[in-house]
Amino acid sequence: MSRPTQAFIDRSALTHNLSIVRKYAPHSRVMAVVKADAYGHGLLQTAQALANVDGFALLELDAAINLREAGYQQPILLLEGFFSTQELALFERYRLSAVIHHPEQIAMLLASRHPQLNLFLKINTGMNRLGLRPEKVSEIIGQLQKNHCSKNITLMTHFASADDPSQHDSVIQQLQCFQQVVHTHAHPSSLANSAAIMCYPQSHADWVRPGIMLYGASPFTDRTAADLDLRPVMTLTSKIIAIHELKAGDKVGYHGLFQADCPMRIGIVACGYADGYPRHAPTNTPVLVNNQQSRLLGRISMDMLTVDLTNIQDVQVNSPVILWGKEISVDEVAQRAGTTSYELLCALAPRVEKIAC
Ligand SMILES: *Cc1c(COP(=O)(O)O)cnc(C)c1O
């Protein structure tokens, strides 16, 4: 038997979550964000479940080509655009759309013999990560049009804090900055990530760009995925591979980080940080064993973790374990480990078998 660590990908949850996006933004086209192997869920099986979205967005050129070769006809947007002139031939051949966020990329386009692309001009409205300076946008559009460098131009930006209600003002400032630039141009526009889709209807515009909500996790710290009617797509499972009885005073795992204060029963689970389970998850992080609520004990190892079996019924080697999924949300595990569901989902290791169901 092979190692029992597996991630089940629930395709009906993906389509459900897409329907929630459409409910929030009924007048926008939806560009499903499938970067990082669809946030760890597997690009092609995710795309299949989302086959009727209006577009896909990602950053990896090879993955974008795979998607096109798999037969998807929608726009496929590369969120960091191209990195060299050589890549432009591939953009043209596979009809890939490119984000332009830096004047250097415009120079590459002007120098290229393959310039007829769909372009998304990304404007820096305050996040100060990627984007053109707002006051340069008109000049750049003029330059692109004069040189016949694009088929279509869409204007876009990205919010720094749409997930944080205490930073409402910064979102409004970014929106106003964007509107000041776009109102003088007749181009379509795109602003909203998952958090903005759910909190800022005034940001929906022509294209919304949901990522995390499609995968059934919450971008907010104060609202769960269940509160938002999102269904978790990934269930990370494994099995108990060893059981031990402890006496009071016995220690568990590396550095004896957990010490039993009474007799206990513990189980070793075949899942560790090399599978993508967060090493910083502390004792008491919830785990489901044999469909019963249990908890982590001690330090996560590379390939294993330890759970408390003291009050778990009918448990033996091979009993099933759920690390996250429907009953235990990836958001909760992430919160315990001091990180976000984004990081946990896309850190799922390639050695974990992904099974679409
Ligand atoms: C990743 C990303 C998104 C999706 O963000 P979520 O918070 O996962 O919805 C949208 N737009 C851009 C530019 C991104 O890089």
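Just so you know, all these numbers are worked out from the coordinates, no wet-lab data involved. Quantities reported herein were computed from a predicted structural model and do not represent experimental measurements. Reconstructed Cβ throughout: ideal geometry from the backbone, glycine too, with neighbour counts over all protein chains shown.
Points to keep in mind about this one:
- Axis angle, to the nearest 10 degrees, between helix 168-182 and the longest C-alpha principal axis of the chain: 30 degrees.
- Our summary of shape: the Cα atoms of the chain have principal axis extents of 79, 43, 36 Å, ordered from largest down, in whole angstrom.
- Mean ellipticity per residue at 222 nm, deg cm²/dmol - from DSSP H runs of n ≥ 4 across the chain, formula -39500 (n - 2.57): -7500 deg cm²/dmol
- For the chain, the longest principal axis of the C-alpha atoms and the axis of helix 11-24 are separated by about 50°.
- Length added when fully stretched, residue 135-residue 248, from 0.36 nm per residue minus Cα-Cα: 33.8 nm
- With Cα atoms, 0 to 90° folded angle of helix 137-146 axis to the chain main axis: 60 degrees
- Look at the Cα gyration tensor of the range 11-215: its axes a ≥ b ≥ c give a/c of at least 1.5 with a/b at or below b/c, and that counts as oblate.
- Shown is the FRET efficiency for residue 146 and residue 343, computed with R0 = 51 Å from the Cβ-Cβ distance and rounded to the nearest 0.05: 0.75.
- Exposure proxy ranking, count of Cβ atoms within 10 Å, fewest first, for 127, 31: 127, 31
- By other beta-carbon atoms within 10 Å, ranking 303, 62, 331 with the fewest at the front produces 62, 303, 331.
- Evaluated with a Cβ-only charge set (Lys, Arg +1; Asp, Glu -1), the chain carries a dipole of roughly 540 debye about its Cα centre, given to the nearest 20.
- With all projection directions averaged, the alpha carbon convex hull of the range 148-239 covers 8.6 nm².
- Label-point gap, in nm, between residue 66 and residue 128 - each point 7 angstrom along Cα→Cβ: 3.6 nm
- Segments 316-329, 271-284 sorted - mean Cβ within 10 Å per residue, highest first: 271-284, 316-329
- Out-of-range pairs (alpha-carbon distance over 32 Å; input 35/136; 23/239; 247/326): 23/239; 247/326
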